[in-house]
Amino acid sequence: MTQQSSTPAPNSPVTVIGLGPMGLALAETLMKNGHPTTVWNRTPGKARNLVAGGARLAASVADAVAASPLTVVCLKDYATLYEVFGSAAGAAAAGRALVNLNSGTPKEAHAAASWAAARGVAYLDGAIMVPPPLVGEPGAAFLYSGPREVFAAHRDTLARLGDPRHLGSDPGLAVLHNAALLGLMYATMNGFLHAAALVGSAGVPAAEFAELAVNRFLPTVVDATLVAQAPDLDAGHYPGGLGTMEMNLNALEHIALTCEEQGVHAGQPLLMRDIAAQAIRDGHGASNYLAVFEVFKKEAAPGAR
Ligand code: NAP
């Protein structure tokens, strides 16, 4: 059974396990906010500056975990968590809280929650949505999932790192959101990079195109439309009065043909064209473009990965 002590004092001790670029930023931020900080890392030399600033470098993971009611873990992945937390450290963590911030999959997060529960450890899974220099800065989003009472008990300390958002008791929700938001980031960046390559084929500088694309086109045409129409996704309501999937397929075909004419990579538009064509095969030819949501909700055909 997991245990949870009462709400810790604002500057309660914290342990940080893992001092890669992100773990270092977490430890520095906690120290800057006055938390007595204990650290451990496989390569102890990385703690040199932290120790010079007042952190305590523990000789073992068990020693580090025993030093604080809350341990923040920021290692490479879940496999490293299990490797680092051998039996001694697992036992030392019993009755304490462990917040694990490495990235991974929901299945891995569920397995880690079970691993922690078997050791009497109060476990939160989490995801950091900013790079190390933005840790502790206003607006830095930190996502958490797992028992609400564990989050509530340590919320004040976690708020030092960034804006803490508890997504629910299912421990997989934080890494699920992480994958979704990073997928959005890569798709958006690739959309811009591909568009810049396309106009670049006619000698247009990316710096000139960025102003039109990012400052003017995106905020008016994409962002506002999506926020206003998101409830339609939940309702499965895709009225095609202002433009149909057939019309959008035509546009996607033109983008792919333009790429071919200009000698630019056509992989992205061809994939988008295929997805729109699938939506039409599924009966959404007269729907608006958002009906591709119905395609995305299903597994891809075998062999598509
Ligand atoms: P990282 O390279 O992903 O992880 C480095 C940490 O893992 C170091 O403490 C390293 O120890 C430790 N480690 C790796 N293999 C190990 C092993 N076999 N045994 C013991 N320790 C091992 O660097 P990071 O950027 O700090 O990222 C940490 C986590 O945060 C990752 O899951 C990453 O996805 C996530 N994250 C990172 C960023 C970012 O921008 N950096 C942003 C959001 C989330 P040594 O120092 O001894 O090598």
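Numerical summary
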{"item": "Whole-number Å³ per residue for the convex hull built on Cα positions in segment 14-170", "result": "95 Å³"}
{"item": "Under Karplus coefficients 6.51, -1.76 and 1.60, residue-wise ³J(HN,Hα) of segment 158-165 in Hz, glycine/proline x", "result": "5, 5, 5, 7, x, 5, x, 10"}
{"item": "Net charge of Cβ neighbours under 10 Å - reference residue 29; Lys, Arg +1; Asp, Glu -1", "result": "0"}
{"item": "Test item: Cα-centred dipole of the chain, Lys/Arg +1 and Asp/Glu -1 on Cβ, debye", "result": "1260 debye"}
{"item": "Debye intensity ratio in log₁₀ form over the Cα atoms of the chain, taken at each q of 0.10, 0.15 Å⁻¹", "result": "-0.71, -1.09"}
{"item": "Residues with amide H under 5 Å from that of residue 38, placed H, sequence gap 5 or more", "result": "14, 15, 16, 56"}
{"item": "Spatial separation of Cα centroids for segment 150-228 and segment 46-66, in angstrom", "result": "35 Å"}
{"item": "Karplus-derived HN-Hα couplings along segment 211-216 (A = 6.51, B = -1.76, C = 1.60, θ = phi - 60°), whole Hz, x at Gly and Pro", "result": "4, 5, 6, 8, 7, 10"}
{"item": "Largest to smallest principal axis extent of the C-alpha atoms in segment 221-277, angstrom", "result": "40, 21, 17"}
{"item": "Under 21 Å from the Cα of residue 32 - lysines, other chains or at least 8 residues apart", "result": "46"}
{"item": "Principal semi-axes in Å for segment 94-235 [√(5λ), Cα gyration tensor, largest first]", "result": "38, 16, 15"}
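Computed from the coordinates by the stated procedures, all read-outs in this text should not be read as laboratory data. Everything numeric here is computed off the predicted structure, so don't read it as measured data. Here the Cβ is made from the backbone with ideal geometry for all residues, glycine too, and neighbour counts use every protein chain on show.
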